[in-house]
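Trainee: Have a look at this one before I ask anything.
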Amino acid sequence: MTQENQNTSLTRTLVGKVVSNKMQKTVTVLVERREKHPLYGKFVLVSKKYHAHNEMGDLNEGDTVEIAESRPISKTKSWKVTKVVKKADII
């Protein structure tokens, strides 16, 4: 049996929207996912907020970002922003 080189990442990644950037080097990311209700079978929108480390501090509210799990950086922060998927539209 040979083992092939695969580009699968072992770290968990999530995609969400930045809802707060008021902290230094930290953004709050809202991640929404659809989950089937156990009894009724209807798909329900389930959301959770994560604090993610943003070294540059260049993100604004409304930006869509990808975050990856990392070692604990502070009491509430164990995720890092890996890339910006889409910048927010400026009105």
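The values are calculated or read from the model by the stated rules, or taken from the named source; none is laboratory data. None of these values were measured; they are calculated from a predicted model. Heads up, the Cβs are rebuilt from the backbone with ideal geometry, glycines too, and the neighbour counts pull from every protein chain shown. Note: accessible area is taken over every heavy atom of the protein model, side chains too, but ligands, DNA and RNA are not part of it. Shrake-Rupley method; radii C 1.70, N 1.55, O 1.52, S 1.80 Å.
Trainee: Which of the residues spanning segment 51-80 are within 14 Å of Ser20 (Cβ to Cβ), outside any strand (DSSP E or B) and of a type in the set (A, V, I, L, M)?
Mentor: If the condition is that a residue be within 14 Å of Ser20 (Cβ to Cβ), outside any strand (DSSP E or B) and of a type in the set (A, V, I, L, M), then Leu59 is the only one that fits.
Trainee: For segment 10-33, state whether one or more residues are surrounded by 10 or more Cβ atoms within 10 Å (Cβ to Cβ), touching a Phe, Trp or Tyr at 6+ places or on another chain (Cβ under 8 Å), of a type in the set (S, T, N, Q) and in contact (Cβ under 8 Å) with a residue 40 or more places away in the chain.
Mentor: The answer is no; no qualifying residue exists.
Trainee: Please state which of the following conditions Val44 fails to meet, knowing it meets all the rest: (1) open to solvent by 40 Å² or more (accessible area, probe 1.4 Å); (2) assigned to a loop (DSSP other than H, G, I, E, B); (3) free of Cβ contacts under 8 Å to residues at least 12 places away in the same chain.
Mentor: Going through the list (1) open to solvent by 40 Å² or more (accessible area, probe 1.4 Å); (2) assigned to a loop (DSSP other than H, G, I, E, B); (3) free of Cβ contacts under 8 Å to residues at least 12 places away in the same chain, Val44 breaks only (2).
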